[in-house]
Amino acid sequence: MRNETLDLPRRMLMGPGPSEVHPRVLAALSRPTLGHLDPAFVRLMDDIVHRLRTTFQTNNQLTFPVSAPGSAGMECCFVNLLEPGDSVIVCINGVFGMRMKENVERCGATPIVVEDAWGTAVDPAKLRAALKANPAVKTVAFVHAETSTGVQSDAAALCAVAREFGALTIVDTVTSLGGIDVNVGAWEADAVYSGSQKCLSCPPGLSPVTFSERAAARVKERRTKVQSWFLDLSLVMGYWGDGKGGGRTYHHTAPVNALYGLHEALLMLHEEGLEQAWRRHSLTHRALVAGVEAMGLKMKVDAAVRLPQLNLVEIPEGADDATIRRRLLNEFNLEIGSGLGIWAGKVWRIGLLGQSATPAYVLACLTALEAVLHASGARITAGRAYAAAHAVLNS
Ligand SMILES: *Cc1c(COP(=O)(O)O)cnc(C)c1O
């Protein structure tokens, strides 16, 4: 151990998260730390809640960032809405649906799995059939943007089916919020969580959540205590406020500086405009796909269900997964993601999340990938990707 500051590299973050953090957000993190009940900080908290409602497109009173990463937002939704003995439908089409099922079991509830193949969206017709067959189900959970497969499911349709059967919905929007349309109000979704380090482009460690009045009522009617003290909404809201202007009391010490960062990132998103941010993700995605295909590489999932912000590219013959990623990191300071689960070693996951979704990043990524693949003898077509992407960006 030496008494010196560690020298860390500066990377281009184009994996499945964390994404690039803008210098404005990094600067915000270094503002003077305030007490977590200081009136000036409380004003900032109010503004964060207001901006989260705008971002989720909801008027839900119960909206705030959980002081922990996306998985804690997930857990917050499950432990508050579920009680032991409940039957819960979990839609699984990738890794994060599997994590939801794990949460259901740890709540002492019974998961009923509606499974769709990796690379396909959750099928609303299968969900309807499962709800018909299991009338006791009170809750349906699904992932809007499955980061392990780069697939988008139809959240509006899935929430509508659940509502037909009087079930509440738990929706994972960790990778979707800020990158594509997340409309909690129009969907009438009930418990929705996200994460700071994907399309919101903050450092990891915060999980915005929002709960409908139906979800809030469900929590009030619980027969049993929420198993987690830290995530118990009835306690946390004593600090974040119930939206009705009640006094705030200590629950846990909020990560004050991290919240400065989230506030600045939301401010930047709203300066740009939600729709414009979605258009930027879509444009950079189309440019990336054009470049990837010009190299002769294949996108893994169908264009109809692809997430613009999370791109799965098949690893070509003659290319070694780990070697290529290591060379991108060491020679270009560029991080892309590896495949997860059944697709480990078969695909790369290229993230265009938040501030990483820029023309310069797309062009740099394509150029670096092409150079490294070509140099390592993989079978690709060199010399065309840049022009193909450029044409899309300037169309
Ligand atoms: C990243 C991610 C999570 C987990 O978030 P952490 O911040 O890593 O805990 C959950 N769901 C999805 C879809 C994700 O992409």
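The values are calculated or read from the model by the stated rules, or taken from the named source; none is laboratory data. What you see is a predicted model, and the numbers here were worked out from it, not measured in a lab. Every residue, glycine as well, gets a Cβ built from its backbone with ideal geometry; the counts of neighbours run over all protein chains shown. Protein only, heavy atoms only, side chains kept; ligands, DNA and RNA dropped before computing areas. Shrake-Rupley method; radii C 1.70, N 1.55, O 1.52, S 1.80 Å.
Evaluation of Val313 against the conditions (1) free of Cβ contacts under 8 Å to residues at least 40 places away in the same chain; (2) crowded, with 23+ Cβ neighbours inside 10 Å; (3) of a type in the set (Val, Ile, Thr) shows that the sole unmet condition is (2).
Looking at segment 335-358, which of the residues that are of a type in the set (Ser, Thr, Tyr) and outside any strand (DSSP E or B) is least open to solvent (accessible area, probe 1.4 Å)? By that ranking, first place goes to Ser356.
When residues of segment 262-271 are filtered for being in contact with a helix residue (DSSP H, G or I) (Cβ under 8 Å, 6 or more places away or on another chain) and either more than 15 Å from Ser356 (Cα to Cα) or not in a helix (DSSP H, G or I) (or both), how many remain?
Matching residues across segment 262-271 total 6.
Scanning segment 80-104 for residues that are out of contact with any helix residue (DSSP H, G or I) (no Cβ under 8 Å at 6 or more places or on another chain), more than 11 Å from the ligand (Cβ to nearest atom) and part of a helix (DSSP H, G or I) yields Lys101, Glu102. Taken residue by residue, segment 135-147 has no member that is under 23 Å from the mean Cα position of the chain (by Cα) and at positive phi.
Close contacts from segment 353-368, counting a first residue that is at negative phi and a second that is of a type in the set (Val, Ile, Thr) and in a helix (DSSP H, G or I), with Cβ to Cβ under 7 Å and a gap of 6+ residues or different chains, come to Ala357/Thr284; Thr358/Thr284; Pro359/Thr284; Val362/Thr284. Among residues of segment 123-136 being open to solvent by 70 Å² or more (accessible area, probe 1.4 Å) and either farther than 30 Å from Leu353 by Cβ or in a loop (DSSP other than H, G, I, E, B) (or both), the one that is nearest to the ligand (Cβ to nearest atom) is Arg128. Within segment 48-73, residues that are on the phi > 0 side of the Ramachandran plot and away from the ligand (no atom under 12 Å from the Cβ) sit with their Cβ atoms under 8 Å from residues that are among the small types (Gly, Ala, Ser) and modelled with pLDDT of 95 or more, at 6+ positions apart or across chains, in these pairs: Gln57/Gly185; Gln57/Ala186. Taken over segment 294-310, the criterion of being closer than 14 Å to Leu373 by Cα and open to solvent by less than 20 Å² (accessible area, probe 1.4 Å) is satisfied by Met295, Leu297.
Taking segment 272-310, which residues are assigned to a loop (DSSP other than H, G, I, E, B) and without any contact (Cβ under 8 Å) to a residue 12 or more places away in the chain? Across segment 272-310, the qualifying residue is only Gly273.
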